[in-house]
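The values are calculated or read from the model by the stated rules, or taken from the named source; none is laboratory data. Being a predicted model, the structure only gives us computed values, none of them experimental. FYI the Cβ positions are ideal-geometry reconstructions off the backbone, even for glycines, and counts take in every protein chain you see. In case anyone asks, the SASA skips ligands and DNA or RNA and just uses the protein heavy atoms, side chains included. Shrake-Rupley method; radii C 1.70, N 1.55, O 1.52, S 1.80 Å.
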Amino acid sequence: MSHLQRALRWIALFAIVVLAAPAWAQPAANSQELAQQQQQRRIDQPGNNAPVWREVRSGRAQSTLVPGPEIGVLVLSSGQTWRALHGGPIPLYGGGLLIVVVLAIAAYFLLRGTIELHGKPTGRLIQRFGSFDRIAHWSTALTFCIMAVSGLVILFGKMVLLPVTGHTLFSWLAALSKNVHNFVGLLFILSLLATIVAFIRDNLPQAADFKWIATAGGLFGGREAPSGRFNAGEKGWFWIGVVFLGIAMGVTGVILLFPNFDQPRTTMQIANIVHDIAAVLFIALGLGHIYMGTIGMRGAYQAMRTGFVDETWAKEHHELWYDDVKSGKVQARTQDAVLPDMQRQH
Ligand code: HEM
């Protein structure tokens with residue numbers, strides 16, 4: 001490299017240093033300026049720390065000696081948003097939705113009553129659910145009900161229960177609900193996964209589902225359109241409720257249950273909001289399922305309790321599945337027995 005080139009390079013370097021010097025010095029000047037302003041403010045307006053708090057609430061990390069994620073952030077303004085949502089629209093609209101769903105189910109039952117069979121039971125039974133299906137289902141059903149009740153106490157308890165029970169009883173209930181929720185939560189996730197594995201194959205969409213949806217599955221009168229092992233309504237519960245909302249509950253629940261993975265506060269806030277909203281929707285949908293699975297349809301509860309349904313029930317509610325069993329395309333045990341529930345009807 002020639003002397004000239006070397007000299008030019010040094011000149012350029014020097015120029016950069018000279019030009020950049022003020023910028024490097026700026027933060028030092030800024031914080032010095034800030035410190036001077038603070039001192040002046042202490043004299044002129046004792047106690048007015050507004051600019052300090054403005055800086056603190058900016059969410060920008062300040063310097064601290066304690067290591068760790070977010071430690072430099074004293075106040076997270078998103079916390080205000082979380083508090084406003086968690087104490088406002090979520091319980092308000094969520095609570096409203098649950099009340100509307102319960103009233104709608106009650107009105108439907110009063111108007112439509114239990115959906116009965118049109119034909120006579122034959123007394124020949126077909127196996128609809130094996131023991132794995134039923135164990136997975138009832139452990140999910142039980143843990144779901146425990147999670148729903150304890151979760152509703154945590155979300156609505158302060159607004160709904162506290163004015164009635166008073167502080168002592170409520171704090172006992174709230175502590176019990178929190179601990180039960182934390183421990184049963186993992187059991188719920190495991191049984192939910194087992195339920196997804198057990199029923200996913202027969203919840204895949206079929207052409208017949210569209211006709212079932214078009215006739216609203218005979219829920220508002222008229223004959224039920226033919227369906228496979230599960231009809232479109234059950235498939236909707238499975239994909240929207242069990243899979244989508246179930247997984248959303250599981251993932252956000254685990255994030256909230258194990259805060260020791262250095263999750264930032266924003267992650268915890270978002271997980272909590274998603275958990276609350278998904279929970280309300282899951283319970284609202286679940287109420288519909290539980291209604292149909294208990295008093296809504298004659299013989300449905302029997303199906304999941306004993307695993308067997310009468311031929312007539314299978315033919316009227318799941319005709320395509322019944323045809324597959326009859327043709328041998330689907331393997332299902334059959335046996336002769338009279339279901340006390342069916343006999344009583346006719
Ligand atoms: C007390 C609560 C519950 C009752 C009484 C109940 C009742 C029933 C009944 C009777 C059936 C059989 C319906 C048929 O033969 O087609 C069924 C199916 C099913 N249940 Fe439940 N259930 C309850 C809670 C739950 C919960 C909490 C979940 C999941 C989170 C669930 C998921 C399922 C699934 C996946 C099926 C198979 C049909 C489908 O895929 O939709 N159940 N339930």
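Quick notes on this one:
- Whichever lysines have a C-alpha closer than 17 Å to that of Lys178, once near sequence neighbours (fewer than 8 apart) are set aside: Lys158
- Within the range 216-278, chymotrypsin sites (Phe, Trp or Tyr not before Pro) in DSSP loop having at most 12 other beta-carbon neighbours inside 10 Å: Phe220, Phe261
- The range 45-175: translational diffusion in µm²/s, Stokes-Einstein, Kirkwood Rh over Cα pairs, 20 °C, 1.002 mPa s: 101 µm²/s
- Accessible surface, the range 112-165, averaged per residue in Å² (probe 1.4 Å): 51 Å²
- Orientation-averaged projected area, Cα convex hull of the range 82-153 (nm²): 8.1 nm²
- Cross-link reach list, lysines versus Lys235, counting only Cα pairs under 16 Å and skipping chain neighbours closer than eight places: Lys211
- Straight Cα distances below 20 angstrom link Lys120 to the lysines Lys315, Lys326, with same-chain residues fewer than 8 positions distant left out.
- At most 15 other Cβ within 10 Å, DSSP loop - trypsin sites (Lys or Arg not before Pro), the range 35-69: Arg60
- Check: the range 51-203 dipole with +1 on Lys, Arg Cβ and -1 on Asp, Glu Cβ, in debye: 160 debye
- Student exercise, the chain dipole from Lys, Arg, Asp, Glu Cβ charges, in Debye to nearest 20: 400 debye
- Cα long-axis angle, helix 78-87 against the chain (0 to 90 degrees, to the nearest 10): 30 degrees
- By the compact-protein rule of thumb, 2.2 N^0.38 Å, the alpha-carbon radius of gyration of the range 229-334 corresponds to a ratio of 1.48.
- Per the Debye formula on identical point scatterers at the alpha carbon atoms of the range 126-209, with no solvent, log10 I(q)/I(0) at q = 0.18 Å⁻¹ is -0.79.
- If you wrap the tightest convex hull around every Cα atom of the range 55-110 and split its volume per residue, you get 88 Å³.
- Taking only the C-alpha atoms of the chain, the Rg (one decimal) and the largest Cα-Cα distance, Dmax (whole number), read 31.4, 112 Å.
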